[in-house]
Amino acid sequence: MTAAALALAVLALALAWPVPILLGRATWPSRSPATALILWQAIALAGGLSMLGALLAFGLAPFGDNLFSASVALIDGAVVSETWHLLALGAALLLGVHLVLNLVVTVVRSEAQRRSHAQLVQLLSEPMADDPRSRIIDTASPVAYCLPGTLGSVTVFSAGLVEMLEPDELAAVIEHEKAHVAQRHDIVLVVFRAWHTSLPWFPIAYRAQREVGILIEMLADDRARRTVDDAVLARAIALVGSGSSADARLAAPTEGSSPQDLRLRVLRIAGARPLSTTLEALVVGASAALIAVPSVLLLAPALIQALAG
């Protein structure tokens, strides 16, 4: 158990600092945003499991040789006097409760904000003639964003944007926003936002939220590229990003919308080549391995003992 705790602690440290830094500096994620998004989610999940697992394994080490028998012994009332082990168990409990409660609070708060803004949009906008699920707000700023919902989603455009864009450019923006709704990018963003607010002292949590935000924008761009030329989409991104986005920020996450991110998206459309299928498969395999390692370290001793018995 102590060896498993040490291995999990090393893995948690690696996933909390050097691995995200290296991934954030890499250039390949823009070539395959879907694959990179899988890897970021694996890092976040494996990092959380490793932190909790390291604390649990160390705290339960005096109670037994594996997680199952040690947990049974603890429930049966076994007593241990080592202060560090008791502190580890308490820290694991507090961390687990903190992460879960913060996720719940973030989801509830985000949904309340979405509902409030959706009501405001209904009052201040008109439905588009050819798409009742899209709304037009009367402002000159080029604004476009989506409000995903469980029962229904709304895509919002400004009158200034509609007047500014050519029909094919507007079609590109519409497809981009539809991708956010269809692929439920809001769920991914909420989870990473909860991770950041849960661990605000971790610079990596903020970096992960930012990187995931730009990857999601790239995924939506890729859907738009299926219906319009790359040059048209690049112009639409530049035009939408050129105006004030203050109206959109009332409801939509701002990840991926900074001038630097907009420039990266335009440059990517201009010439980035996708990763090969082999490299994508390797990254997906590495993501699966990251999630499997904490589980194996925690559960393998109990399984081996059960099989041997």
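Relative to one another, the C-alpha centroids of the stretch 23-96 and the stretch 114-180 are positioned 42 Å apart.
If a helix is a whole DSSP H run, which ones in the chain reach 27 Å or further along their own axis (Cα) and hold a mean Kyte-Doolittle hydropathy of at least 1.0? Those that clear 27 Å and a mean of 1.0 are 33-60, 277-308. In the frame of its principal axes, the chain has Cα extents of 72, 44, 33 Å, reported largest first. What's the FRET efficiency of Ile187 with Val296 using the Cβ-Cβ distance as r and R₀ = 45 Å, to the nearest 0.05? Result of the calculation: an efficiency of 0.95. In terms of packing, defined here as the mean over residues of other Cβ atoms within 10 angstrom, the peptides 59-66, 179-186 line up highest first as 59-66, 179-186. Its DSSP H runs of at least 4 residues, each contributing -39,500 (n - 2.57), put the calculated 222 nm mean residue ellipticity of the chain at -24000 deg cm²/dmol, to the nearest 500. Rounded to the nearest 20, the size of the Cβ-charge dipole of the stretch 63-194 about its Cα centre is 500 debye, with Lys and Arg at +1 and Asp and Glu at -1.
Comparing mean-square fluctuations of Glu82, Glu126, Glu166 from a GNM of the chain with C-alpha springs under 10 Å, the top value falls on Glu82.
Were the residues from Asp131 through Ala14 laid out at 0.36 nm apart, the gain over their Cα-Cα distance would be 37.3 nm.
The ellipsoid equivalent to the alpha-carbon distribution of the stretch 152-208 has semi-axes of 32, 13, 10 angstrom, derived from the gyration tensor eigenvalues as √(5λ) and listed largest first.
Laboratory data are not the source of any read-out in this text; all were calculated from the coordinates shown. Because the structure is a prediction, the values reported are computed rather than measured. All Cβ positions, even for glycine, are placed from backbone atoms using ideal geometry, and neighbour counts span all protein chains on display.
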